[in-house]
Each structure stands twice: as structure tokens, then as C-alpha cells.
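The structure under discussion appears below in the form of C-alpha cells.
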Amino acid sequence: MPVEVVAFCCFYCAYAAADLAGVMRLSYPPNVKVVLLPCTGGVDPLYILRAFEAGADGVFVAGCLEGQCHYQVGNLQAKSRVRYLKRLLDEAGIGGERLEMFNLSSAQGPRFAEAAREMTERITALGPSPVKRPKAKTAEVAS
Amino acid sequence: MIIAERKPLDAILGMMTPYHKVLVVGCGTCASVCLAGGAREVAMLGSLVRMTRQTNDEPIEVAEATVHRQCDKEFLLPLAAEVEAADAVFSMGCGCGVQLLAETFPQRRVFPLLDTKFMGVTLEPGWWAERCRGCGECVLDRTGGICPITRCSKGLLNGPCGGYRNGKCEVDPTVDCGWLLIFDRLKELNELESLRAILGPKDWSHGAFGQPRRVVRDDVRTSAEEGHV
Ligand code: SF4
Ligand code: SF4
């Protein structure tokens, strides 16, 4: 089963870049589900945890290039939140590497496609989220 | 306000091990403002606990409730049904909240999810610092509004000790010398002379490390019993 990746995208950059990737007919993995946010500064840590709880195997947050946030520092706040959440995910045994932050401009359609591919490859290599794969069941499969 | 910090997830999961249905109770006052145990932290912890337990194939039901504050019984009583429905109660309030929950619902085990740190202030979002140790007899009027008991690492009443270097304390060079702060403040206020008056020995029986303290207001309290703690 293909892995599921949720992308929290800022309206001003990553979301527009994803749109541009489409207009440019660039293909990127269809398992990436885009969630539109007015700014990555609005990405509540709870949204990310809820995504994992609901079965996402990986999550990425995509905001404007540093210094170019429409709300000054939203992307920098998102960056510290992602760093904090990576620690929480490690603590919970889910793995901080399943979460990442990307920065790109609205003109970087190809960069969006690349980020989507990069994340999908990383998560595919890690396998499905341990939340979906209780240990006992893994043991059964292994035996 | 009271500043607290969430315990490490491992410790929390350890306390929750025997249970399958728990109630996590947040506090909407201090614990919420210091981002340790408000509704959002309750929701985040609930999510982390459910995911970890699910990963270990030991699913757990986490009910979440956040009350206005946990240090007043009237806010806890409405939780009765939720407490009844849970195997155990986990408090995200300070130590006072945990204890009042346990006193209010003696039939349930109540566990602390936070480490209560100190009474302090917010210096900036995400940065809190200690300001008062509840000594019971405030001397801020004598020290330019800076607490010598808290801000001086040795709690000297007549400092400084002479060990400060470049304005920093010899006990911990990452903190300002409390007595230098007091000196500078009094100088600014043109009240340096007041430092000549020696602060006499403090009566520590009013302090935090004796018997539990109480404040009783006969004009307000309704029960006639002798005030006990
Ligand atoms: S002197 Fe005592 S009551 Fe006043 S701020 Fe310091 S510790 Fe608190
Ligand atoms: S250096 Fe200043 S703050 Fe530190 S113990 Fe001495 S007087 Fe107190």
C-alpha cells in the first residue's frame, strides 16, 4: 500500500507552487494530500499530531522562503514548532524523521514536486507509520 | 503565576501502564498560561499517548477535560461523571490541582503529569523566570522591588556576597547577581542610603519549609470549624 503523506501548505507560496506544478504538468506522487493554510505560522502542532493519529505515514509543512513570509515570521514559528514536534514524535516512538519542513516560493513549482517526491521516498523507505502497524501484527508478519 | 513543565512522556506512559481508560484534566489558569497543561497541551498529550499505546498494541482511551482552575473545588465537582467513567485520573495542573482532585475524588487514583517548578513571570513567550519563593513576610519594600530571597542564589538579606563577577552570580554565572540588581535599582531611585539599614533575621517559621501554612479570613469563610489544613 502506498504511504500517505500530508502536506500543510501556505497559501502564498507552497500552495501556489503546487498549483504551478500542476499547470506545468509536473508529476509528483499522488499520495501527497495538500492541506491549505493561510500561513504556516497557523500550523497548530495539534493538526500535525492529528494527521499522524488519523493514519498519515509522514507530514511535511511547506512555507515561504525564510525572510519572505507574508506575516513576517510565520514560517519561522512553523520551523520551531516542527523542530519541537520532531522531538515529541521521537519521544512517542513514531519517529521525528516522518515530519519535515520545506521552504519555497510560489514560483518554484518543480521544487514542490521535488519535495513531494523526496518526502514520499523517505517515508516509503521508513515504511508505514508504527501507529498503523501495531507491534504484535508486525511480529505475525515476520514469523 | 505557577510555572510547571510536562513530565517526560516515558514517565507518563509508565504511570498509565495499568490503565485502559484514563481522564486527563487540564487547568485553564497558570498551567495553561505557561503552556504546560492547558486544553491544547491536554489534546496534544492525549494524541501522543493514544498513538504510543496503539503502536505498542495496547490501545488506551484518553478522555480530555480542562477546567477553569484545579485549585477550587467548585470547578472540579462537575467532573464527577467523567472521573467515575475513568480507571484513573491524570492531572495537568500544578501540584495543588493534583491534590485537590485527589481530595475531591478519593475513590480514584490521581497522578501528576507536570513537574511544578516555581512562582514566576513570563519574560517572553516561551521563557519564564522565578520571582518569589513565598517567604511569608515580603521585604520588597526594602529592596527596590527586587526579591533578595529569590534573585540572590544564596537568599542573602544583606548582600551582595562579594562573589559576583561582571554582574553575574558566582553560584551560576548565567544569572544576574540579585544584589547588584537591587543596588542598581536603589541607585536609580536615589535611595542607596536605605541600604545602610540592616535587614534583621527573617522568621522562617512563616516560610515554605515548616508546617503547611494557611490563610483564614473569618469575614469570608462560612464553616465554623477550626481552620485545619
Ligand atoms: S520577599 Fe518573600 S514574599 Fe516578597 S517576593 Fe521575596 S520570597 Fe516573595
Ligand atoms: S553573587 Fe550576588 S546573587 Fe550570587 S550569591 Fe553573591 S550576592 Fe547573591
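Residues being assigned to a helix (DSSP H, G or I) and more than 16 Å from residue A:57 (Cβ to Cβ): count how many of those fall in the stretch A:95-114.
6
Give just the number: which of (1) closer than 30 Å to residue B:37 by Cα; (2) open to solvent by 50 Å² or more (accessible area, probe 1.4 Å); (3) assigned to a loop (DSSP other than H, G, I, E, B); (4) within 14 Å of ligand 2 (Cβ to nearest atom) does residue B:154 not satisfy?
(1)
Taking the conditions exactly as written (within 14 Å of chain B (Cβ to nearest Cβ), under 30 Å from residue B:14 (Cβ atoms), free of Cβ contacts under 8 Å to residues at least 12 places away in the same chain and more than 16 Å from the chain's Cα centre (by Cα)), does residue A:54 satisfy them or not?
No, not satisfied.
State the number of residues belonging to the stretch B:7-19 that are open to solvent by 40 Å² or more (accessible area, probe 1.4 Å) and at the interface with chain A (Cβ under 10 Å from one of its Cβ atoms).
The number of residues fulfilling the criteria is 2.
Can you give me the number of residues within the stretch A:83-126 that are more than 13 Å from every other protein chain (Cβ to nearest Cβ), more than 18 Å from residue A:10 (Cβ to Cβ) and open to solvent by less than 10 Å² (accessible area, probe 1.4 Å)?
1
Could you check the stretch B:190-211 and list, in sequence order, the residues that are in a loop (DSSP other than H, G, I, E, B) and more than 21 Å from residue B:155 (Cα to Cα)?
Once the filter is applied, which keeps residues that are in a loop (DSSP other than H, G, I, E, B) and more than 21 Å from residue B:155 (Cα to Cα), the stretch B:190-211 yields B:190, B:191.
Out of the stretch B:20-56, which residues are open to solvent by 20 Å² or more (accessible area, probe 1.4 Å) and either part of a strand (DSSP E or B) or more than 13 Å from chain A (Cβ to nearest Cβ) (or both)?
Once the filter is applied, which keeps residues that are open to solvent by 20 Å² or more (accessible area, probe 1.4 Å) and either part of a strand (DSSP E or B) or more than 13 Å from chain A (Cβ to nearest Cβ) (or both), the stretch B:20-56 yields B:20, B:21, B:28, B:29, B:30, B:32, B:33.
Restricting attention to helices (runs of 4 or more DSSP H) lying wholly within the stretch B:57-136, give those where 2 or more residues are among the hydrophobic types (A, V, I, L, M, F, W, C), surrounded by fewer than 21 Cβ atoms within 10 Å (Cβ to Cβ) and without any contact (Cβ under 8 Å) to a residue 40 or more places away in the chain.
Result: B:80-85, B:95-104.
Any residue at all in the stretch B:199-210 that is more than 14 Å from chain A (Cβ to nearest Cβ), more than 16 Å from ligand 1 (Cβ to nearest atom) and without any contact (Cβ under 8 Å) to a residue 60 or more places away in the chain?
Scanning the stretch B:199-210 turns up no residue that is more than 14 Å from chain A (Cβ to nearest Cβ), more than 16 Å from ligand 1 (Cβ to nearest atom) and without any contact (Cβ under 8 Å) to a residue 60 or more places away in the chain.
Can you confirm whether residue B:6 is more than 24 Å from the chain's Cα centre (by Cα) and closer than 19 Å to residue A:46 by Cα?
no
Can you tell me which of A:35, A:59 is under 23 Å from residue B:54 (Cα atoms), at pLDDT 95 or above, of a type in the set (A, V, I, L, M) and in a strand (DSSP E or B)?
Step by step, each of A:35, A:59 is checked, and only A:59 is under 23 Å from residue B:54 (Cα atoms), at pLDDT 95 or above, of a type in the set (A, V, I, L, M) and in a strand (DSSP E or B).
For residue B:114, work out the one condition from (1) within 16 Å of ligand 1 (Cβ to nearest atom); (2) within 30 Å of residue B:15 (Cα to Cα) it doesn't fulfil.
(1)
Pairs only if they're at least six apart or on different chains, beta carbon under 7 angstrom, first in the stretch B:160-185 and over 21 Å from residue B:123 (Cα atoms) and open to solvent by less than 80 Å² (accessible area, probe 1.4 Å), second not in a loop (DSSP other than H, G, I, E, B) and not basic (Lys, Arg); list them, first residue then second.
B:160/B:179; B:160/B:180
Only one of (1) within 14 Å of chain B (Cβ to nearest Cβ); (2) open to solvent by 70 Å² or more (accessible area, probe 1.4 Å); (3) closer than 15 Å to residue A:59 by Cβ fails for residue A:77. Which number is that?
Result: residue A:77 passes all but (3).
Does residue B:167 meet the test of being in contact with a Cys (Cβ under 7 Å, 6 or more places away or on another chain) and more than 16 Å from ligand 1 (Cβ to nearest atom)?
So residue B:167 fits the description; yes.
Name, by its number, the condition in (1) over 22 Å from residue B:209 (Cβ atoms); (2) of a type in the set (S, T, N, Q); (3) more than 16 Å from ligand 2 (Cβ to nearest atom) that does not hold for residue B:174.
So the condition that residue B:174 fails would be (3).
The values are calculated or read from the model by the stated rules, or taken from the named source; none is laboratory data. Source: prediction; values computed, not measured. Glycine gets a Cβ as well: all are built from the backbone with ideal geometry, and neighbour counts include every protein chain shown. Note: areas computed on protein heavy atoms with side chains; ligands, DNA, RNA excluded. Shrake-Rupley method; radii C 1.70, N 1.55, O 1.52, S 1.80 Å.
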